[in-house]
Amino acid sequence: MLTLAKDPIGELSPPDDAARCNVDGNAPTSSSLLDLDSLEIGNSFADLPATFYTRLQPTPLPAPYLVGISQSAATLIRLDAASGGSEQFLQIFTGNQNLPASKPLAAVYSGHQFGVWAGQLGDGRAILLGDVATFGAEPPGRIELQLKGAGLTPYSRTADGRAVLRSSIREFLCSEAMAALGIPTSRALCVTGSDQFVLRETPETCAVATRMAPSFIRFGSFEHWYYTDRLDELKTLADHVIDRHYPHLREQANPYGALLAETTRRTAHLIAQWQAVGFMHGVMNTDNMSILGLTLDYGPFGFMEAFDARHICNHSDHAGRYAYHMQPKIGHWNCFALGQALLPLIGTVDDVHLALQCYQTEFSDKLDRLLHAKLGLQSLQPDDATLLQRLFDILQESHVDYTQFFRRLGNLQIDNPAADEPLRDLFINRPAFDAWAQEYRLRLQLDSRSDQDRKIAMDAVNPKYVLRNYLAQIAIEKAQNKDFSEVARLLAVLEKPFDEQLENEHYAALPPDWAQSLEVSCSS
């Protein structure tokens with residue numbers, strides 16, 4: 001096979017349809033909500049040849065109970081969240097009972113893990129139920145339902161195919177939090193639990209998370225066929241993705257090159273959004289990268305607290321490959337890996353490079369727009385890059401809480417430096433902040449925007465509430481004692497991240513001292 005001659009970040013090479021699952025439209029009325037028996041399920045992925053998956057049934061869990069449900073996610077498929085307490089709901093979304101017409105399956109894929117080719121992977125604990133119609137989309141779309149933690153599959157390798165309560169709650173809450181932030185993501189309908197134990201570092205109870213996405217196809221899905229020299233299957237998969245999710249690309253002279261370019265563009269935009277909000281994925285392996293540019297597979301993720309560009313949220317990432325400042329480069333590397341897999345379809349190395357070259361510009365332009373919005377800047381000025389760099393320098397020096405800083409920055413008044421105290425209190429080096437604030441005020445004057453108008457605009461893009469690890473841990477510990485009330489409360493807060501929510505101020509507080517000992521790893 002031909003290989004790409006250029007690696008965009010060679011130092012990382014191993015030494016040996018929807019942009020998000022939010023659907024525009026009015027909320028369904030109570031009379032238009034569906035019960036589970038009326039949920040018509042299709043099986044688009046199951047229509048692919050049998051080499052792409054293994055048909056199997058989920059492994060039942062005894063006596064399931066509801067841990068949490070998202071009304072917002074349920075609305076996407078016109079499902080009434082009130083049905084979450086029914087026995088039928090629990091049995092279906094724990095994997096004990098099938099939806100009518102469902103053809104459950106586990107998909108095969110491969111991937112690069114921590115920069116090293118890992119060979120065949122696949123859905124080791126996820127089972128796809130099928131796809132259902134979305135509500136309010138024009139034109140109508142479809143979204144897949146997948147059970148994570150539903151038992152052994154042929155791709156489980158040495159694992160048990162189960163998920164545990166703590167990781168399922170984290171994925172549930174973060175999926176919905178990211179959607180509320182406007183960041184492309186898979187969604188989470190619900191989490192169900194069981195008292196059945198599995199062994200991790202210690203015995204833990206099982207749980208199943210129901211995930212939703214227009215597609216769960218990954219970069220690694222294409223790598224699987226490329227590296228096994230199965231080019232017919234590679235073309236079949238690419239045609240499936242184009243026909244189902246990118247039909248407009250059929251009009252292009254090279255539809256497969258256009259597919260790579262579109263995925264590269266979406267990936268660049270996604271990671272710019274991660275950087276702007278301070279989100280760290282933790283495991284950006286190619287098997288965790290969505291062909292639709294969605295945030296996929298929440299494991300050891302984290303939101304930036306004390307700012308450190310080199311922060312590593314994954315305790316298993318000893319070399320820091322997926323540190324915060326590395327995410328843009330890794331996104332490019334992963335698109336490059338996808339380009340390698342699509343090379344036989346695209347034609348030439350030059351055509352692949354042409355499709356990939358949009359990454360840097362798309363990422364930089366998107367991030368620049370996002371940061372301008374976060375600072376309340378309407379125009380583009382020649383010295384803006386310097387102003388931004390100095391800001392991140394002082395955030396780094398004082399390890400300022402990322403979310404609190406940008407939220408409080410909206411309260412800055414051009415003609416009243418005395419009102420800066422809540423901002424200054426975040427900095428160890430206050431003179432450095434004062435110097436930057438003086439530059440910022442001069443810059444704001446170039447836009448001729450009132451303090452009030454700027455604050456409204458900034459509060460609409462700078463969240464007050466994000467899923468801090470300690471907040472998730474509190475909810476998890478209560479849930480482990482069968483108290484699921486904090487899961488529901490925290491979800492309600494995270495669904496409105498830009499609102500003041502004065503009654504929930506404590507959810508925006510700095511992490512307590514005990515939170516410094518929290519660690520999340522690939523086993524999370």
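The values are calculated or read from the model by the stated rules, or taken from the named source; none is laboratory data. Since the model is a prediction, treat every value here as computed from it, not as a measurement. Cβ sites come from the backbone with ideal geometry, for glycine too, and all protein chains shown count toward neighbours. To get the accessible areas, we keep the full protein, side chains included, count just its heavy atoms, and leave off ligands, DNA and RNA. Shrake-Rupley method; radii C 1.70, N 1.55, O 1.52, S 1.80 Å.
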- For segment 373-425, which residues satisfy the criterion of being touching an Asp or Glu at 6+ places or on another chain (Cβ under 8 Å), within 22 Å of P511 (Cβ to Cβ) and either at pLDDT below 95 or open to solvent by 40 Å² or more (accessible area, probe 1.4 Å) (or both)? Q396, H399, R424
- Task: Return the only residue of T286, T295 being closer than 30 Å to P512 by Cα, buried (at least 22 other Cβ atoms within 10 Å of the Cβ) and touching a helix residue (DSSP H, G or I) at 6+ places or on another chain (Cβ under 7 Å).
- Result: T295
- Quick check: is even one residue across segment 358-371 surrounded by fewer than 20 Cβ atoms within 10 Å (Cβ to Cβ) and more than 27 Å from L181 (Cβ to Cβ)? no
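Residue by residue, here is whether (1) more than 29 Å from G331 (Cα to Cα); (2) among the small types (G, A, S); (3) touching a strand residue (DSSP E or B) at 6+ places or on another chain (Cβ under 6 Å) holds:
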{"residue": "R78", "(1), (2), (3)": "yes, no, yes"}
{"residue": "A81", "(1), (2), (3)": "yes, yes, yes"}
{"residue": "S86", "(1), (2), (3)": "yes, yes, no"}
{"residue": "F93", "(1), (2), (3)": "yes, no, yes"}
{"residue": "Q97", "(1), (2), (3)": "yes, no, no"}
{"residue": "A101", "(1), (2), (3)": "yes, yes, yes"}
{"residue": "S110", "(1), (2), (3)": "no, yes, yes"}
- Message: Based on this model, can you work out whether T54 counts as touching a strand residue (DSSP E or B) at 6+ places or on another chain (Cβ under 8 Å), of a type in the set (S, T, Y), on the phi < 0 side of the Ramachandran plot and not in a loop (DSSP other than H, G, I, E, B)?
- Response: yes
- Which residues, counting only those in segment 401-445, are closer than 20 Å to N462 by Cβ and of a type in the set (D, E, K, R)? D401, R407, R408, D420, E421, R424, D425, E439, R441, R443
- Task: Considering each of D80, D47 in turn, give the residue that is within 17 Å of L145 (Cα to Cα) and touching a Leu at 6+ places or on another chain (Cβ under 8 Å).
- Result: D80
- Query: Name the pairs whose Cβ atoms lie under 7 Å apart, with the first residue in segment 80-104 and over 14 Å from I41 (Cα atoms), the second open to solvent by 10 Å² or more (accessible area, probe 1.4 Å) and among the acidic types (D, E), and 6 or more positions between them or separate chains?
  - Reply: S83/D35
- Message: Can you tell me which condition V208 does not meet? The list is (1) open to solvent by less than 30 Å² (accessible area, probe 1.4 Å); (2) closer than 22 Å to L292 by Cα; (3) hydrophobic (A, V, I, L, M, F, W, C); (4) in contact with a Phe, Trp or Tyr (Cβ under 8 Å, 6 or more places away or on another chain), and all the others hold.
- Response: (2)
- Item | Among residues of segment 440-450, those that are open to solvent by less than 50 Å² (accessible area, probe 1.4 Å) and assigned to a helix (DSSP H, G or I), counted | 4
- Requiring at least 1 residues that are at pLDDT 95 or above, in contact with a Leu (Cβ under 7 Å, 6 or more places away or on another chain) and among the aromatic types (F, W, Y), the helices (runs of 4 or more DSSP H) wholly within segment 146-265 are 219-227
